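Each reported figure results from applying straightforward, stated rules to the coordinates on display, with no laboratory input. For clarity, every value in this text was computed on a predicted model and none was experimentally measured. So basically every Cβ, Gly included, is an ideal-geometry build from the backbone, and we count neighbours across all protein chains shown.
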């Protein structure tokens, strides 16, 4: 089975254009805008993706993303950019840790009939 049949991306140019415009204007706000743009783009990517027919969801909250970006950006500044080599892979891990798949539809267990005497 090839990976192409397991992963599908359904995003469109029009949808990305909206993402582009939002990130263009809000991304200039230091930290607050950066965290918003980070979540917004990852949510768009996830909601337009399917893995084995299951919808992908991005579940990071704005607050935890803001904290993640703040702490790691501070470390990058303190280390004069050296921490960037750790920050970039850590960012990919952060995104991967906050992705999930919709559960397969569960079939309700049959209810046993009980006889009352």
If the label point is 7 Å along Cα→Cβ of residue 18, which residues in the stretch 34-55 have backbone nitrogen under 13 Å from it? 41, 44-45, 47-48
In whole Å, how far is the Cα centre of the stretch 64-89 from that of the stretch 21-57? 19 Å
Cα→Cβ-extended label distance, 7 Å offset, between residue 43 and residue 73, nm: 1.9 nm
How much length is gained if the chain between residue 96 and residue 29 is pulled fully straight, taking 0.36 nm per residue apart and subtracting their Cα-Cα distance, in nm to one decimal? 21.6 nm
Computed over the stretch 7-60, the distribution of all Cα-Cα distances in 10 Å bins, rounded to whole %, is 25, 46, 25, 4
Extension reserve of the residue 51-residue 7 stretch, reckoned as 0.36 nm per residue once the Cα distance is removed: 15.4 nm
Relative contact order, percent, of the stretch 3-101 when contacts are C-alpha pairs under 8 Å separated by at least 6 residues? 29 percent
Consider just the alpha-carbon atoms of the stretch 1-102 and return their Rg together with their Dmax, both in angstrom. 15.3, 47
